[in-house]
Amino acid sequence: MSVQVPNVLEFPLILYAILKLGAVFNGLSSIFRDGGVEFILQKTESKAFIIPENFQRFNHLSMALKVSERLFNLKTIVTIGTPDSMTDSRVVSFNALGGALPEGMSEACDAKDSHSWRLPLGQPENQKEEKPWTKTHLV
């Protein structure tokens, strides 16, 4: 399975599911476009391609649909952020597969810092986490 997903909360769920299935994980950089994506998907003979619908003002879904017309092995495109009512039979919503984030996980994401999140199971609120890279540790 080929995956072109940026660092989002769904990524660990996707990776875990692929490994649990026993499938091969093929990660693609999110900067690859039509030519690079088509080349890699063709060489790896991927049957599924997991992408965000849009990322950094680029429509990955329309690119994947265009590329999939020339790839006979690619059967399914799984998108993060696509409405469940997508009419193309090749496209499946991540949420429709039961991939919705566990309850409370999306609330645990700090909106100001999208790459710093914690599950609600962490340390008690009154206990501050000591960061080993503070200035006092570097001197």
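What follows draws every value from the coordinates through simple rules; no lab data is involved. Note that this is a predicted model, so its numbers are computed, not measured. Cβ placement follows ideal geometry from the backbone for every residue including glycine, while neighbour counts extend to all protein chains displayed.
If you take every residue apart from residue 76 with its C-beta less than 10 Å away from the C-beta of residue 76, what net charge results, scoring Lys and Arg +1 and Asp and Glu -1?
Working: positive: 47, 75, 90; negative: none.
Summing Lys/Arg as +1 and Asp/Glu as -1 gives +3.
Once label points are set 7 Å from the Cα along Cα→Cβ at both residue 58 and residue 21, what is their separation, rounded to one decimal in nm?
In this crude spin-label approximation the distance works out to 2.3 nm.
When the Cα atoms of region 6-52 are enclosed in a convex hull and the volume is divided per residue, what value in Å³ results? Numbers along the way, then the final one.
Working: hull volume 3.4 nm³, N = 47.
Residue-normalised Cα hull volume stands at 71 Å³.
Most exposed first by the Cβ proxy, i.e. fewest other Cβ within 10 Å, how do 89, 30, 62 rank?
Numbers: 89 8, 30 16, 62 11.
Neighbour counts put them in this order, fewest first: 89, 62, 30.
Give a quick list of chymotrypsin sites (Phe, Trp or Tyr not before Pro) in region 49-82 that DSSP marks as loop, anything other than H, G, I, E or B, with at most 13 other Cβ atoms within 10 Å. Display every interim value, and only then the final one.
On the way: sites: 49, 55, 58, 72; in loops: 72.
Answer in residue order: 72.
At 7 Å along Cα-to-Cβ for each site, give me the label-to-label distance between residue 89 and residue 9 in nm.
Simple spin-label model gives 3.4 nm for this pair.
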